[in-house]
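Structure record follows, encoded as structure tokens.
Please treat every number below as a calculation from the coordinates, not as lab data. These figures come from a predicted structure and were not determined experimentally. Positions of Cβ are generated from backbone atoms using ideal geometry, with glycine treated the same way; all protein chains shown enter the neighbour counts.
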Amino acid sequence: MMVAGVRGIGMTSARTRDRLMQRLKEQGIRNPAVLNAIRSAPRHLFVDEALASRAYEDTALPIGLGQTISQPFIVARMTEALLEDGVPEKVLEVGTGCGYQTLILARLVPQVFTVERLAALQQRARRTLNDLKIRNVRFKHADGNWGWPQHAPYDGILVTAAPEEVPATLREQLAVGGRMVIPVGGAGGQDLLLVTRTDGRNYTRKSLDRVSFVPLLEGTE
């Protein structure tokens, strides 16, 4: 989808996006809704203009402030895992970043609540998604470790930075039957976990992949 006034029309060729889709399929992404959401997303709008020519490569790219835009495969893998048992009504995203993962979620689920600790990133993401006419996302500038309890419980939680352990506060904001996709571990790499709340007290954990995310830090800036 192109929106009047947004930059980088040359970065949206069908051939470039088709190459990315083929790569994602070769890596095992099967959900057609997830593939379509990533294919249609203008990823070049979420990176610096100097990197726009690389926007549709399957690689993470810097977005400033020590943060990155996630590799499209990782976005697809996490989103597909979140939607594996059906489309969640309400999703909490911890770590808005540039807003690219937020956009993918917003095109697939009815309600997205997204939290970001860096005010400059949160404001940039809000502007970009507003330009793209996305209306089903609510933003909050806050420490992601605390989630967004006012709107809990969530049918899905997706975390885009890595804590050493799954924060208890986030587990508690998951609805019974809800699913959380979260990278857990230190700087040497993390396990991408699928955490499912089976009842009021119990959770299951499944390791999906090895990944590399920036750490989930405390506080706000």
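Side notes on the structure shown:
- The H on the amide N of residue 178, modeled in the peptide plane, is under 5 Å from the matching H of 197, each at least 5 residues off or on a different chain.
- The distance linking segment 131-163 with segment 172-199 is 15 Å (Cα centroid to Cα centroid, whole angstrom).
- Under a Gaussian network description of the chain, with springs only between Cα atoms under 10 Å, the residue in 64, 156, 95 that fluctuates furthest is 64.
- Residues whose amide H falls under 5 Å from that of residue 162, counting only those 5 or more places apart or on a different chain, are 214, 216, with hydrogens built in the peptide plane.
- Within-12-Å neighbourhood charge of residue 183 [Cβ basis; K, R +1; D, E -1]: -2
- Calculated mean residue ellipticity at 222 nm for the chain: -7500 deg cm²/dmol, from DSSP H runs with n ≥ 4 weighted as -39500 (n - 2.57), summed, divided by the residue count and rounded to 500.
- Listed residues 51, 194, 129, most fluctuating in the chain (Gaussian network, C-alpha, under 10 Å): 51
- Net charge of the neighbourhood of residue 133, taken over other residues with C-beta under 15 Å away and scored Lys/Arg +1, Asp/Glu -1, is +3.
- Fraction of antiparallel bridges per DSSP, the chain only, in percent to nearest 5: 45
- Springs between Cα atoms under 10 Å define the GNM used for the chain, and in it the highest mean-square fluctuation of 54, 171, 15 occurs at 15.
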